[in-house]
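The next block holds one structure in the form of structure tokens; read it before the comments.
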Amino acid sequence: MPLAHRYALYLSPSGPWREGGSRWLGRCADTGALLPPLPGQPDAARGWTDAPRHYGLHATLKPPFRLASGATPQALDAAVKKLVDGISPFDLMLECETLRGFLAWRIADADTPGQARIQALADAAVQTLDVFRAPPTPEEIARRQPHALTPEQQAMLARWGYPYVFDTYTFHITLTGKLAGDALEQAQRRIAAFADPLRDQAMPVSSVSLFVQAEPGADFVAARHYHFDGTQSDAVGAPALQGPAAP
């Protein structure tokens, strides 16, 4: 029997960060449609962005999971609505940095209220939504290469199905796969060409998004955006959550 849908709770970047980042990756996470490259973007960028293009432009809050036995998309939808209830918008300042061998937008100054706010949101998402998570398969565990993880990361993987949560969590918006040498330097220069003008602009955080992978190997696409003002909006490219979005 094929594995069921996988779900993930992500932060979808907004404003020019979303536009530039999505064009850089080459795919719209809302529709699933391929996007034209940015002006001057080299052909090599297609290979640099293969891995993050699969997931869509995002920052992870609750990593991908299959639904546990008895859990339903409707119940997950209701839980995400409750999770964001009462959250007020905040801002993040971003810059491009390396992380575990790939390039990503990360928080420019960790000693800011935004850092604490996004950490708290990610912690709440991991813990609150874990009741919906089916245990990972042995193959999924093996793909995380436990032997290469620290003891703390191994403990997180065993308990939460993902090695980078809570104390091992680092907020990031992935922009490339793992790169080294000239490829890493070239990619960093090309990202700077379109993103450096944004460095002095805060990225607003005013919603979270539930993404869906319809079948193994399929791209992740946004299903529903949950705005901190209590409203929701549906994306057009994902399987329905079998319930209407609140106006």
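Brief remarks follow.
- Within a straight-line Cα-Cα reach of under 12 Å, Lys178 can be paired with the following aspartates and glutamates, leaving aside sequence neighbours fewer than 8 residues apart in one chain: Asp50.
- Comparing Ser206, Thr72, Ser88 along the charge dipole axis of the chain, the residue lying farthest to the positive side is Thr72, per the Cβ-charge model.
- Hz values of 3J(HN,Hα) by residue in the stretch 53-58 - Karplus curve (6.51, -1.76, 1.60), Gly and Pro given as x: 4, 4, 8, x, 5, 6
- For Arg224, the amide hydrogen comes within under 5 Å of the amide hydrogens of Leu210, Ala235, counting only partners 5 or more places away or on other chains and with H modelled in the peptide plane.
- Basic side chains Lys and Arg get +1 at the Cβ, acidic Asp and Glu get -1 at the Cβ, and with that the dipole of the chain about its Cα centre reaches some 460 debye.
- Placed amide H near Ala108: partners under 5 Å, 5+ positions off or other chain: Met93, Leu94, Glu95
- Under 5 Å between amide hydrogens, built in the peptide plane, is the criterion, and for Thr72 it picks out nothing among residues at least 5 positions away or on other chains.
- Rounded to the nearest whole Hz, the Karplus-based 3J(HN,Hα) values (6.51 cos²θ - 1.76 cosθ + 1.60, θ = phi - 60°) of the stretch 41-49 follow the sequence 5, x, 4, 4, 4, 4, x, 4, 9, with x at glycine and proline.
- Percent of alpha-carbon pairs separated by more than 24 Å within the chain: 46 percent
Bear in mind these aren't lab numbers, they're just calculated from the coordinates by the rules spelled out. Predicted model only: the values in this text are computed from it and were never measured. Note: ideal-geometry Cβ built from the backbone for every residue, glycine included; neighbour counts use all protein chains shown.
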